[in-house]
Every structure is written in C-alpha cells, then in structure tokens.
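Colleague: Sharing a structure, written as structure tokens. Questions coming.
The values are calculated or read from the model by the stated rules, or taken from the named source; none is laboratory data. From a predicted model like this one, the values you see are computed outputs, not experimental measurements. FYI the Cβ positions are ideal-geometry reconstructions off the backbone, even for glycines, and counts take in every protein chain you see.
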Amino acid sequence: MADVCEAAGGGAPVHLVGHSMGGYCALRVASRRPELVASLTLVGSRAQAERPFKLVEIALMSLVVVIFGTPPIVTKLMAMMFGPAFVRKQPAAARAIQAHLAALPRRILRAVWGVITRGAVSDADLRAIQCPVLIVHGELDASVPIEHARETAARLPSLRRVATLPGVGHTPAVEAPAETTSLIAEFIDESIRSKRDPRVAM
C-alpha cells in the first residue's frame, strides 16, 4: 500500500481511504510512513485484533467451506457484510452479491485467515499518525461492531470525527453510497483547506 501511495501521490502525500482490512493497512501506512498520507479515512475498520470468539466462529465456517464450498454460508456472510435493510430495499443487488459469494473458490480461505489473524495496531503506532482522521462506520456493522470503532477513535490523537450511519452494516459504500461519498469528500476538502489556511477548523 505504501508503494501505491507513493506512485499515486507523485511525491505528494495522498488522501488515503481504507475499508475493513484496507483501513487496518491504511493505519499501518499512516503510522509508519506519515509523509505519504495527507488525511486518513477509515470505513468499517478498527485497530484491534479479531475477537477470540469470532475466530472460533470463522473457523467453523471455514470447515464448512472446505467440505461444501461457500454456498452454505452465503446467508451468514450477507448478515456479516450488510445491514438488514440492504437486502430488503435492494433485492437485485443483494442477489448479485449472493451469487458472487456462492461462486468464490475454496482458496479464498487463505486470504480470510490472513485478515482475521492479524495483530492489533499498537497505541504507539496510533500516536505516530500525524494526519487528520475520519471514521465512517455503519451503526449495525456485524463484522466490526461500532463500539470497536469508537474505541479506536479514542486512541487516535489526530481524530477529527466519527460519522455513524444509521441502519447501515459493514459495507457503507454499497449500502449508503451517497452519504459515504459525501462524508469523505467533505472531509478531504476540509483537510486541503486547513493545510492551505491553518485557521480553517476541522
């Protein structure tokens, strides 16, 4: 990710947005290479390691996938990824996502375990983040509970705002694209203006 930031920025820091595991990686980049990141937005993400009981749950789901493939766990995955309103209000999109999940190969488990067995981002790393930070989180996120986002927020000295999206699950960019995009665009614009004029409040 650091290489991508360097290439995208062309020598200038970038406005980095990370969702879920992407947010975790973005935290690492912002803490270890602060010169690369002008602002950081975390969407459905957190600094903590995965909860032990969740590891057990996913281990059982993984066993099902090894034996039967992904179709038997599609309903569970949808509940982990989306709030209840998404399936009800956008049935065509939900069916397309369900079909995609059902077609995933068994080798996807390797990537899944890489995500859930990651370590926590330390307090020292979070304190090293110098850029302004926005957290966007679904109120009904079943994968990363809102309490985890708030705990991460409390540990970020450069936090500017936590924006909670009512009725939204783990995938705000899909469930509430207009609201999510607006929040991020406004935050980036404020970050740019505050850089040009330190008197601009964020």
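Colleague: In segment 47-64, is there at least one residue being within 19 Å of the chain's Cα centre (by Cα), free of Cβ contacts under 8 Å to residues at least 24 places away in the same chain and crowded, with 20+ Cβ neighbours inside 10 Å?
Modeller: Initial filter on segment 47-64 (within 19 Å of the chain's Cα centre (by Cα)): 47-51, 54-55, 58.
Retained after the next criterion (residues that are free of Cβ contacts under 8 Å to residues at least 24 places away in the same chain): 51.
Cutting the leftovers down to crowded, with 20+ Cβ neighbours inside 10 Å gives us none.
The answer is no; no qualifying residue exists.
Colleague: Against the definition (outside any helix (DSSP H, G or I), within 19 Å of the chain's Cα centre (by Cα) and of a type in the set (Gly, Ala, Ser)), how does ALA79 come out, yes or no?
Modeller: Numbers: outside any helix (DSSP H, G or I): no; within 19 Å of the chain's Cα centre (by Cα): yes; of a type in the set (Gly, Ala, Ser): yes.
Answer is no for this residue.
Colleague: Can you tell me which residue is modelled with the lowest pLDDT among those in segment 3-36 that are among the aliphatic types (A, V, I, L, M) and under 17 Å from the mean Cα position of the chain (by Cα)? Give the steps one after another, and end with the answer.
Modeller: Here is the first cut: in segment 3-36, the ones among the aliphatic types (A, V, I, L, M) are 4, 7-8, 12, 14, 16-17, 21, 26-27, 29-30, 36.
Cutting the leftovers down to under 17 Å from the mean Cα position of the chain (by Cα) gives us 16-17, 21, 26-27, 29-30.
On the way: LEU16: 96, VAL17: 96, MET21: 92, ALA26: 95, LEU27: 96, VAL29: 95, ALA30: 96.
So, considering only residues that are among the aliphatic types (A, V, I, L, M) and under 17 Å from the mean Cα position of the chain (by Cα), the one modelled with the lowest pLDDT is MET21.
Colleague: Only one of GLU175, GLU179, GLU147, GLU186 is of a type in the set (Asp, Glu) and touching a residue at least 24 places away in the same chain (Cβ under 8 Å). Can you tell me which?
Modeller: Result of the check over GLU175, GLU179, GLU147, GLU186: GLU175.
Colleague: Report every pair of residues separated by at least 6 positions or lying on different chains whose Cβ atoms are under 6 Å apart, first residue within segment 19-37 and over 22 Å from PHE82 (Cα atoms), second among the acidic types (Asp, Glu).
Modeller: SER31/ASP125
Colleague: Then there is this: Check whether at least one residue in segment 50-59 is out of contact with any strand residue (DSSP E or B) (no Cβ under 8 Å at 6 or more places or on another chain) and either modelled with pLDDT of 95 or more or aromatic (Phe, Trp, Tyr) (or both), and report yes or no.
Modeller: Yes: one or more hits.
Colleague: When segment 26-53 is examined, which residues are found to be in a loop (DSSP other than H, G, I, E, B) and farther than 12 Å from LEU156 by Cβ?
Modeller: Scanning segment 26-53 gives ARG33, GLY44, GLN48, ALA49, GLU50, ARG51.
Colleague: Something else about it: Do we find a residue being more than 22 Å from SER39 (Cα to Cα), touching a His at 6+ places or on another chain (Cβ under 6 Å) and in contact (Cβ under 8 Å) with a residue 12 or more places away in the chain anywhere in segment 131-144?
Modeller: Yes - at least one qualifying residue is present in segment 131-144.
Colleague: Considering only segment 75-100, how many residues are within 18 Å of VAL144 (Cα to Cα) and among the aliphatic types (A, V, I, L, M)?
Modeller: 6
Colleague: For segment 65-86, which residues satisfy the criterion of being over 15 Å from SER143 (Cα atoms) and surrounded by fewer than 17 Cβ atoms within 10 Å (Cβ to Cβ)?
Modeller: Listed by number, the residues that qualify are VAL66, ILE67, PHE68, GLY69, PRO71, PRO72, ALA85.
Yes or no, residue by residue, for (1) farther than 17 Å from HIS15 by Cα; (2) of a type in the set (Gly, Ala, Ser):
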| residue | (1), (2) |
| --- | --- |
| SER122 | yes, yes |
| LEU134 | no, no |
| ARG155 | yes, no |
| ARG161 | no, no |
| VAL168 | yes, no |
| ALA185 | no, yes |
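Colleague: Here is a follow-up. Return yes or no: is LEU109 touching a Ser or Thr at 6+ places or on another chain (Cβ under 7 Å) and under 30 Å from ILE67 (Cα atoms)?
Modeller: On the way: touching a Ser or Thr at 6+ places or on another chain (Cβ under 7 Å): yes; under 30 Å from ILE67 (Cα atoms): yes.
For LEU109, the condition - touching a Ser or Thr at 6+ places or on another chain (Cβ under 7 Å) and under 30 Å from ILE67 (Cα atoms) - is met.
Colleague: Another question, if that's okay. If I filter segment 107-119 for residues that are without any contact (Cβ under 8 Å) to a residue 60 or more places away in the chain and either of a type in the set (Asp, Glu) or in contact with a strand residue (DSSP E or B) (Cβ under 8 Å, 6 or more places away or on another chain) (or both), do I get at least one hit?
Modeller: Among the residues of segment 107-119, not one is without any contact (Cβ under 8 Å) to a residue 60 or more places away in the chain and either of a type in the set (Asp, Glu) or in contact with a strand residue (DSSP E or B) (Cβ under 8 Å, 6 or more places away or on another chain) (or both), which makes the answer no.
Colleague: A further question follows. Looking at segment 26-46, which of its residues are among the basic types (Lys, Arg) and surrounded by 24 or more Cβ atoms within 10 Å (Cβ to Cβ)? Lay out the reasoning, then the answer.
Modeller: First, the residues of segment 26-46 that are among the basic types (Lys, Arg): 28, 32-33, 46.
ARG46 - this is the single residue of segment 26-46 that is among the basic types (Lys, Arg) and surrounded by 24 or more Cβ atoms within 10 Å (Cβ to Cβ).
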